[in-house]
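K.L.:
Pasting in a structure now, in structure tokens, and then I'll have a few things to ask.
Where a number appears in this text, it was derived from the coordinates with a stated rule and is not lab data. Every value quoted in this text rests on a predicted model; they were computed, and no experiment measured them. Reconstructed Cβ throughout: ideal geometry from the backbone, glycine too, with neighbour counts over all protein chains shown.
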Amino acid sequence: MANRWTENDIPAQKGRLAVVTGANSGLGFETARALAAHGASVVLAVRDVDKGKYAADRIASAVPGADTIVQQLDLTSLESVRNAAEQLRSAYSTIDLLVNNAGVMYPPKQTTSDGFELQFGTNHLGHFALTGLLLDRMLPVPGSRVVTVSSIGHRIRARINFDDLQGERSYNRVAAYGQSKLANLMFTYELQRRLYGTGTTIAVAAHPGGANTDLMRYTPTALRALVPVIAAIATQSAPMGALPILRAATDPEVLGGQYYGPDGLFESRGYPKIVESSRQSHDTAVQQRLWTVSENLTGVTFPV
């Protein structure tokens, strides 16, 4: 295979069912579109059903005959996560692919309906719970995958702050985002360790580099003047940003526990390849502690 992996390298997805969170815009939309274009049935798991239907219409325009389904899912509410999982479990006996993509970045301090800090609650805990509730639909399927989207931000002011996980004592939006994206990687690595021996399902992570999406809307005021400069140097289009996710989701050569990102300068842009995550992301003791805390906070335990 050529070094430059593109959408053209996605193998046929006919017969596969994919669930993509945050699929109404940005990276999630491009991921869903490309999967549908290669024959997958795609569930657009979105907070706003009207936006999801609009996204499904856009995919149908680009991909005649696309098989898309809109599923309401609000990752800021564990009740919504449970309802969505129950509806998906009722509708489908098996799931081939779960793409944990939806996320928020740098919002002012807010909490989810369950009282979690918004970034940690949405980016990590919501996806942790969704995965745990759907995993038994994936375990019987050879080649099934859980792909979780992290970020370059997992290196920036990032640590799992067990003494103040929800930022109640002190909140810094950049540090909180870094914690949530570090948690995405630690979740992937610990899930993969638990999946060893199943022989069917693998857990993989990916990041888009600097992708030009509406995730940037909460950029702090002090950095806002730099956004056009950063965009010119270190960002790429949403279709390019989706490529590492798509490779993690579909490339037959992918192995569990791998991490995919762009091949360019500082992994900010380019074509997808295997990349390295930070040293602390591989701390197994912290991974396991985070897993236990996440089970306790969400009330969700995994069938592995």
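K.L.:
Apply the Karplus curve 6.51 cos²θ - 1.76 cosθ + 1.60, θ = phi - 60°, to the phi angles in region 163-177 and return the couplings in whole Hz, x for Gly and Pro.
P.N.:
These are the phi-based 3J(HN,Hα) values: 6, 7, 4, 9, x, 6, 7, 8, 10, 10, 5, 6, 5, 5, 5 Hz.
K.L.:
Which net charge results for the neighbourhood of residue 176, defined as the other residues with beta-carbon distances under 15 angstrom from its beta-carbon, given Lys and Arg at +1 and Asp and Glu at -1?
P.N.:
Spelling it out: positives minus negatives among the neighbours equals +3.
K.L.:
Let me ask something additional. Taking square-rooted eigenvalues a ≥ b ≥ c of the alpha carbon gyration tensor, is the chain rounded, prolate or oblate, where a/c under 1.5 means rounded and, failing that, a/b exceeding b/c means prolate?
P.N.:
rounded
K.L.:
While we're on this one: To the nearest 500 deg cm²/dmol, what mean residue ellipticity at 222 nm is calculated for the chain from DSSP H runs of n ≥ 4 alone, each contributing -39,500 (n - 2.57), summed and divided by the residues?
P.N.:
Mean residue ellipticity, 222 nm, calculated: -11000 deg cm²/dmol.
K.L.:
Using modelled amide H (1.01 Å from N, peptide plane; none on Pro or chain starts), what sits under 5 Å from the amide H of residue 43, excluding residues fewer than 5 places away?
P.N.:
18, 19, 20, 69
K.L.:
Among 302, 236, 142, which residue has its Cα positioned farthest towards the positive end of the charge dipole of the chain, with +1 placed on the Cβ of Lys and Arg, -1 on the Cβ of Asp and Glu, and the dipole taken about the Cα centre?
P.N.:
236
K.L.:
Given charges of +1 on the Cβ of Lys and Arg and -1 on the Cβ of Asp and Glu, with all other atoms neutral, how large is the dipole of region 11-298 about its Cα centre, in debye to the nearest 20?
P.N.:
It works out to roughly 380 debye.
K.L.:
Next up: Taking square-rooted eigenvalues a ≥ b ≥ c of the alpha carbon gyration tensor, is region 106-167 rounded, prolate or oblate, where a/c under 1.5 means rounded and, failing that, a/b exceeding b/c means prolate?
P.N.:
Prolate.
K.L.:
Collect residues whose amide H, placed 1.01 Å from N in the peptide plane, falls under 5 Å from the amide H of residue 260; neighbours closer than 5 in sequence don't count.
P.N.:
205, 206, 207, 275
K.L.:
Report the longest stretch of the chain that contains none of the GluC sites (Glu not before Pro) sitting in a DSSP loop with at most 10 other Cβ atoms within 10 Å.
P.N.:
In the chain, the maximal stretch lacking such sites is 1-252.
K.L.:
Same structure again: Taking amide hydrogens as modeled 1.01 Å from N in the peptide plane, which residues meet the under 5 Å criterion relative to residue 236, leaving out close sequence neighbours?
P.N.:
210, 211, 212
K.L.:
Continuing with this model, one more query. Leaving out same-chain residues fewer than 8 places away, which aspartates and glutamates sit with a Cα under 16 Å from that of residue 51?
P.N.:
In chain and number order, the partners are 30, 74, 214.
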